[in-house]
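Trainee: Sharing a structure, written as structure tokens. Questions coming.
Please treat every number below as a calculation from the coordinates, not as lab data. Every value quoted in this text rests on a predicted model; they were computed, and no experiment measured them. Quick reminder, even Gly has a Cβ in these numbers, built from the backbone with ideal geometry, and neighbours come from all protein chains shown.
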Amino acid sequence: MKQEDEEGSFCPLIKDECIGKKCAWATKIIGKHPQKDQQIEKWDCAIRWIPLLQIETSKEVRQGAAATESFRNEVVSLSQPRVLRRISDAS
């Protein structure tokens, strides 16, 4: 889709000028930009959204992994006294 600051936009899918919102690949994204920390509400080509969405996906995966590690550490710290008690009882 044509950007406001572009003269023209060649579409590799139809091998011609972008047809804008008439295209089946036109997608509206509403949310927060993962790098600029500003709100987005914009129509653009789904192909152009891929890099931005990959950045957002990576960010969410990192946050999920950090939460899982934190949860694991909490479970280990809570279960450690019980394990040590069982080891001393077995001795």
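Trainee: For residue 11, which sequence-distant residues (separation of 5 or more, or a different chain) have an amide H within less than 5 Å of its own amide H, given hydrogens modelled in the peptide plane?
Mentor: Distant-sequence amide H within range of residue 11: 16, 17, 18.
Trainee: Going through region 1-85, which GluC sites (Glu not before Pro) have at most 11 other Cβ atoms within 10 Å and a DSSP loop state? Let's see the in-between values first.
Mentor: Details: sites: 4, 6, 7, 17, 41, 56, 60, 69, 74; in loops: 4, 6, 7.
Loop-located and lightly packed - 4, 6, 7.
Trainee: What 222 nm value per residue comes from the helices of the chain, counting each DSSP H run with n ≥ 4 as -39,500 (n - 2.57) and dividing by all residues, nearest 500 deg cm²/dmol? Before the final figure, lay out each step's value.
Mentor: Working: 1 runs with 45 residues, N = 91.
The helix-only estimate for the chain comes to -18500 deg cm²/dmol at 222 nm.
Trainee: Related question: Distance in nm between label sites at residue 86 and residue 68, each 7 Å beyond Cα in the beta-carbon direction?
Mentor: 2.4 nm
Trainee: Right, here's the next one. Taking θ as phi - 60°, what are the ³J(HN,Hα) couplings along region 27-38 by the Karplus curve (6.51, -1.76, 1.60), each to the nearest whole Hz, with x for Gly and Pro?
Mentor: For region 27-38, the Karplus curve yields 9, 9, 10, 10, x, 10, 5, x, 10, 9, 6, 10 Hz.
Trainee: Give the shape of the chain as rounded, prolate or oblate, defined through the alpha-carbon gyration tensor: a ≥ b ≥ c are the square roots of its eigenvalues, a/c under 1.5 means rounded, and otherwise the shape is prolate if a/b is larger than b/c and oblate if not.
Mentor: Working: a/c = 6.05, a/b = 4.14, b/c = 1.46.
It is prolate, given that a/c is not under 1.5 and a/b is the larger ratio.
Trainee: Let's test the formula: R0 of 25 Å, r as the Cβ-Cβ distance of residue 17 and residue 55. What FRET efficiency results, to the nearest 0.05?
Mentor: Numbers: r = 28 Å, r/R0 = 1.11.
It comes to 0.35.
Trainee: Do any trypsin sites (Lys or Arg not before Pro) in the chain lie in a loop, going by DSSP, with at most 10 other beta-carbon atoms within 10 Å of their beta carbon, and if so which? Could you put the intermediate results ahead of the total?
Mentor: Numbers: sites: 2, 15, 21, 22, 28, 32, 36, 42, 48, 59, 62, 72, 82, 85, 86; in loops: 2, 15, 36.
Sparse-neighbourhood loop trypsin sites (Lys or Arg not before Pro): 15, 36.
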